[in-house]
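Remarks on the structure that follows.
The values are calculated or read from the model by the stated rules, or taken from the named source; none is laboratory data. Just so we're clear, the structure is a prediction, and the values are computed from it rather than from any experiment. Note that we place each Cβ from the backbone using ideal geometry, even for glycine, and neighbour counts take in every protein chain shown.
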Amino acid sequence: MPPINVNHINALADAGRSRKGMVLAIVTSHDRLGDTGYGTGYWMPELAYPYLALTRAGYQVDVASPRGGKAPLDPYSDPSSSATQNPDDLVCTGLLTNRAHSGKLENTFKLSEILPDAYIGAWLVGGYGAALEFGGDEDIPRILGALWDVGGVVGAISHGTHGLLNVRTSNGPLLISGRDLTGFAKSEDEEVERVVGSHFLPCYVEDELRARGARYRCAALFQPFAITSEDGRLVTGQQLFSADVFAEQLTEALAGVWGATIVSSDTL
């Protein structure tokens, strides 16, 4: 009996996920926490939990960053780091150690080269790197605006919501204006700055969202919370403890919008 061709099996699985749809995860390229001396980057659970949920549901996930290449992982969110806050997070460990998927983190696509029409959804991964980079990035509004205009699903969690601030729809208004959403609460940011001992943020995303007409909502300090807008296409999560509920709502939103095009994995 000939040996099983694992590459062929993997190719079949990837083909099935591609037919169901491709979703883009956007992570930061920024790795320094102001002048505090601390490193930062993207927050691993905010990538890993939606990644797992979407992959299980049959979607293919790509990862992109402003500069492309290896994306900086916040050491406090890395289960293998001595500084980690979540040493027992097996979801994060699984993504980081799975050779079929971890390579996407080592070689992310460059945002300027992303073609939005390849995707049915995208989400902005948080972390303080995102807080210090996403608001001024020019490609994020281009990608998310184009995706929204064709009926796609847009998500953001924690400080990833900085990337929503300048996204406009095709008829001009800001995407977030008049919509229910959440993001890292100002009180939570102030608590982190107190612990770090430095006022390192140039702005608080809660203030910026409200100033742009968003209907900001949040739960109690550092409690899980996510919300889907009334039109079912904008999904946001409050902070790092919201990764699981955000992943669930993002997956549900994609199924709700694109359910008619879903290809069952049972047919592969």
Quiz prompt | Extreme residue, farthest from THR108 (Cα to Cα), among residues of the stretch 65-84 that are touching a residue at least 40 places away in the same chain (Cβ under 8 Å) and among the polar types (S, T, N, Q) | solution = SER77
Practice problem: Name the one entry in GLY155, GLY135 that is in a helix (DSSP H, G or I), closer than 22 Å to GLU46 by Cα and not β-branched (Val, Ile, Thr). | Solution: GLY135
Quiz item: Within the stretch 172-182, can one find any residue that is more than 25 Å from ARG142 (Cα to Cα), in contact (Cβ under 8 Å) with a residue 12 or more places away in the chain, surrounded by fewer than 23 Cβ atoms within 10 Å (Cβ to Cβ) and not polar (S, T, N, Q)?
Solution: no
Exercise. Select from the stretch 87-103 the residues that are touching a residue at least 12 places away in the same chain (Cβ under 8 Å) and assigned to a helix (DSSP H, G or I) and write down the one among them that is nearest to ALA64 (Cα to Cα).
Key: HIS101
Practice problem: Check the stretch 20-40 and report whether any residue there is within 16 Å of the chain's Cα centre (by Cα), among the aromatic types (Phe, Trp, Tyr) and either in a loop (DSSP other than H, G, I, E, B) or within 29 Å of VAL195 (Cα to Cα) (or both). | Solution: no
Quiz prompt | Given (1) within 12 Å of the chain's Cα centre (by Cα); (2) modelled with pLDDT under 95, number of the condition ALA48 does not satisfy | solution = (2)
Self-check item: Residues located in the stretch 112-136, provided they are over 21 Å from ARG233 (Cα atoms), surrounded by fewer than 22 Cβ atoms within 10 Å (Cβ to Cβ) and either aromatic (Phe, Trp, Tyr) or touching a strand residue (DSSP E or B) at 6+ places or on another chain (Cβ under 9 Å) (or both)
Solution: GLU113, LEU132
Practice problem: Test GLU190 against the criterion of being crowded, with 19+ Cβ neighbours inside 10 Å, modelled with pLDDT of 95 or more and more than 20 Å from LEU250 (Cβ to Cβ), and give yes or no. | Solution: no
Self-check item: Selection status of GLU193, of a type outside the set (Val, Ile, Thr) and under 29 Å from GLY39 (Cα atoms)
Solution: yes
Practice problem: Please tell me if ILE176 is out of contact with any Phe, Trp or Tyr (no Cβ under 8 Å at 6 or more places or on another chain) and not in a loop (DSSP other than H, G, I, E, B). | Solution: no
